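Comments concern the structure below.
The values are calculated or read from the model by the stated rules, or taken from the named source; none is laboratory data. Note that this is a predicted model, so its numbers are computed, not measured. Cβ placement follows ideal geometry from the backbone for every residue including glycine, while neighbour counts extend to all protein chains displayed. When the accessible area is computed, the model is the full protein with side chains, heavy atoms only, and any ligands, DNA or RNA have been set aside. Shrake-Rupley method; radii C 1.70, N 1.55, O 1.52, S 1.80 Å.
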Amino acid sequence: MVKLLTLEEGEKAVKLARKAIEYYLENRKVIQDRLSGVFKEKRGVFTTLLKHGELRGCIGYPYPIKRLDEAIIETAIASAIDDPRFEPVRLSEMDEIEVEVTILTPPEKIEAKPKDMPKYVEIGKHGLIVKMGMFSGLLLPQVAVEYNFDAEEFLSQTCMKAGLPPDCWLTGAEVYRFEGQVFKEVKPRGKVVEVDLKSFKL
């Protein structure tokens, strides 16, 4: 069973992400901070940046391939400068940006008949990965809640995120689910809270 982070650990995660971004934007260098405890464990993680409630960048590692502290630093910097959907973040913008860190459990393949797949997807609990051939796409658990998707729509949207037809989950795509623990600033540089995904609203 994967250990959940405490609020104190979640606060450290978000502060580490912000520090990594701001230091990189100012100095073009990657911080080498290493933390103890859960941060030594390999975990999947996504860093999301929000500006005035709008997405400003989101990059992550779906799988536990790096120490959590390293993964946070790398995804934080990447979310600021490498998200192809956005211009790179400027240091001056960081006063207006809220930092959010989502810690993932290892993805598990849903072994079910395609038509039964929605029964295995719990909105507010699961994020999804869809894979077919060379294509893959991921949506974090908070996306389904934010957009009020039901399980079928969430599956279809994840297929489209992968660049696949929306019904690919019915036609042979592999579907994986994972859980995410979300910590975010309530305002730029503000208090860090754990987001209750069951009642999540931006």
Report task. State to the nearest 20 debye the size of the charge dipole of segment 32-89 about its Cα centre, where the only charges are +1 on K and R beta carbons and -1 on D and E beta carbons. Result -> 220
Requested in this report: Calculate, for the chain, the solvent-accessible area per residue in square angstrom, rolling a 1.4 angstrom probe over the heavy atoms of the protein chains.
Outcome: 51
Query - Charge dipole (debye, nearest 20) of the chain; +1 at Cβ of Lys and Arg, -1 at Cβ of Asp and Glu - result: 420
Query raised in the report: Measuring from centroid to centroid over Cα atoms, what is the spacing of segment 52-124 and segment 125-165 in Å?
Result: 13
Query raised in the report: Which residue, ALA20, ALA78, ALA112, tops the fluctuation ranking in a GNM of the chain built on C-alpha contacts under 10 Å?
Result: ALA112
Report summary line: With only helices counted (DSSP H, runs n ≥ 4, each -39500 (n - 2.57)), the per-residue ellipticity at 222 nm for the chain, to the nearest 500, works out to -8000 deg cm²/dmol
Query - ALA112 paired with ASP196, simple spin-label distance in nm, labels 7 Å along Cα-to-beta-carbon - result: 2.6
Report summary line: Computed ³J(HN,Hα) along segment 61-70: with the Karplus parameters 6.51/-1.76/1.60, θ = phi - 60°, integer Hz and x for glycine or proline, the list is 10, x, 10, x, 9, 9, 3, 4, 5, 4
Query raised in the report: Given the protein chains as shown and a 1.4 Å probe, how many square angstrom of GLU100 are accessible, to the nearest 10?
Result: 10
Report summary line: Share of accessible surface on carbon and sulfur in segment 1-111, whole %, 1.4 Å probe and ligands ignored, is 53
Query raised in the report: Taking square-rooted eigenvalues a ≥ b ≥ c of the alpha carbon gyration tensor, is segment 1-91 rounded, prolate or oblate, where a/c under 1.5 means rounded and, failing that, a/b exceeding b/c means prolate?
Result: prolate
